[in-house]
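What follows is one structure encoded as structure tokens, with my remarks underneath.
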Amino acid sequence: MLLVDHEIKIPSKVNPALKLRVLKGHFATIHSHINCYIDMTMLKTRQSEAEEVAKAMAADYQYNKPIDT
């Protein structure tokens, strides 16, 4: 059974083109055991998706956040 069989894609509320991939299963390290793995690799490394993530994040700061200079 491949991990992709357990993949869930969660679309962004801000930009439906962005999807967060969640893999269900049992993942264990020396320090932790988890049931879901949030894969952010594509969002950070794929140029088109990384650009869309940056735009979505920047939109929140464009007018709503005071900047102390």
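Numbers at a glance
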quantity	calculated
Total residues in the range 36-69, condition assigned to a loop (DSSP other than H, G, I, E, B) and surrounded by 10 or more Cβ atoms within 10 Å (Cβ to Cβ)	2
Enumeration of residues in the range 1-35 that are polar (S, T, N, Q), in a loop (DSSP other than H, G, I, E, B) and touching a strand residue (DSSP E or B) at 6+ places or on another chain (Cβ under 8 Å)	S12
Residue that is farthest from K13 (Cα to Cα), among those in the range 48-69 that are in contact with a helix residue (DSSP H, G or I) (Cβ under 7 Å, 6 or more places away or on another chain) and touching a residue at least 12 places away in the same chain (Cβ under 8 Å)	E49
Pairs where the first residue, in the range 1-28, is at pLDDT below 80 and the second is part of a strand (DSSP E or B), C-beta under 6 Å, 6+ apart	L3/L23; H6/L23; H6/K24; H6/G25
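The values are calculated or read from the model by the stated rules, or taken from the named source; none is laboratory data. Not measured: the values here are computed from a predicted model. In this analysis, Cβ positions are derived from the backbone assuming ideal geometry, glycine residues included, and neighbour counts consider all displayed protein chains.
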